[in-house]
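Contents: one structure, followed by commentary.
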């Protein structure tokens, strides 16, 4: 296991902001990750589980405690079962928490499976995507939980499996927000689908992302998950090196060297503007640590 002291956290989130962490752990196996988590809990230390950091920002102040980064620990992906229901063949696919969304979808394409192709543009891994119940906008109603069957977790004492129905999935929410357990792997139930069709859906999603998301600068995706209004004056509003994108509404970009305080000042300014104009207070999507 790689152990890094006083690590700069701007390297570990897609907004490229934040102070330093006392200790960053990079376990290279599931057993190493479980031991690191167990040991930290026994010492009653502060701990944060980090995936690829696509929906997380860290404050400018240093993080006092341990960060366990899951990107190397659980990389397995395989078909574990197939069966037929209503003339369609279905497959159970096991994916480790460290598998990236893009690797998962490539596996689906190569094996003629109907994976959640709308996640192609999300630079996260399976564990983080389950944690956030990642997917499309609330109107489309598509999320990773749609094809999920069960999640295997470690709660600090034991490994057990949670059925999908026990995960408390809502829009951009899961039980893991409340219960800070390690997500180890998950089982998905996927229908058969032509690899060519899967590839077309992936290309369509990337075309959408290119047209409607400002991917040219460091960012961490949509700012608000509920209540956001397209208010005149939000686009292009800037504090320091953080700016609401001109191209993409509900999107903050780092123009270069932005501080977390500048990013969060923009968020608070947008919330105040909503309330001054008589709109409900919008709910932020990001995880701030």
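The values are calculated or read from the model by the stated rules, or taken from the named source; none is laboratory data. The model shown is predicted, which means the values in this text are computed figures rather than measured ones. Cβ placement follows ideal geometry from the backbone for every residue including glycine, while neighbour counts extend to all protein chains displayed.
Details
- Strands (runs of 3 or more DSSP E) fully within the stretch 1-120 counting 3 or more residues that are at pLDDT below 95 and within 30 Å of residue 197 (Cβ to Cβ): 77-85, 88-96
- Scanning the stretch 142-166 for residues that are in a loop (DSSP other than H, G, I, E, B) and closer than 19 Å to residue 213 by Cα gives a single hit, 142.
- Counting the residues of the stretch 142-174 that are within 24 Å of residue 31 (Cα to Cα) and out of contact with any helix residue (DSSP H, G or I) (no Cβ under 7 Å at 6 or more places or on another chain) gives 10.
- Qualifying residue in the stretch 45-52 (condition: farther than 22 Å from residue 124 by Cα, in contact (Cβ under 8 Å) with a residue 60 or more places away in the chain and outside the structural domain of residue 250 (by TED's automatic domain parsing)): no
- When residue 51 is tested against the conditions (1) exposed (fewer than 14 other Cβ atoms within 10 Å of the Cβ); (2) under 18 Å from the mean Cα position of the chain (by Cα), the lone failure is (1).
- Tally, over the stretch 97-142, of residues that are surrounded by fewer than 23 Cβ atoms within 10 Å (Cβ to Cβ) and farther than 24 Å from residue 72 by Cβ: 10
- Any hit, the stretch 249-266, residues being crowded, with 19+ Cβ neighbours inside 10 Å, in contact with a helix residue (DSSP H, G or I) (Cβ under 7 Å, 6 or more places away or on another chain) and not in a loop (DSSP other than H, G, I, E, B): yes
- Looking across the stretch 274-289, the residues that are surrounded by 17 or more Cβ atoms within 10 Å (Cβ to Cβ) and either without any contact (Cβ under 8 Å) to a residue 60 or more places away in the chain or under 15 Å from residue 235 (Cα atoms) (or both) come down to 274, 282.
- The residues of the stretch 147-170 that are within 19 Å of the chain's Cα centre (by Cα) and surrounded by fewer than 15 Cβ atoms within 10 Å (Cβ to Cβ) amount to a single one, 170.
- Scanning the stretch 144-160 for residues that are closer than 23 Å to residue 195 by Cβ and in contact with a strand residue (DSSP E or B) (Cβ under 7 Å, 6 or more places away or on another chain) yields 144, 147, 148, 149.
- Annotation note: of 46, 66, the sole residue that is in contact with a strand residue (DSSP E or B) (Cβ under 6 Å, 6 or more places away or on another chain) and surrounded by fewer than 17 Cβ atoms within 10 Å (Cβ to Cβ) is 46.
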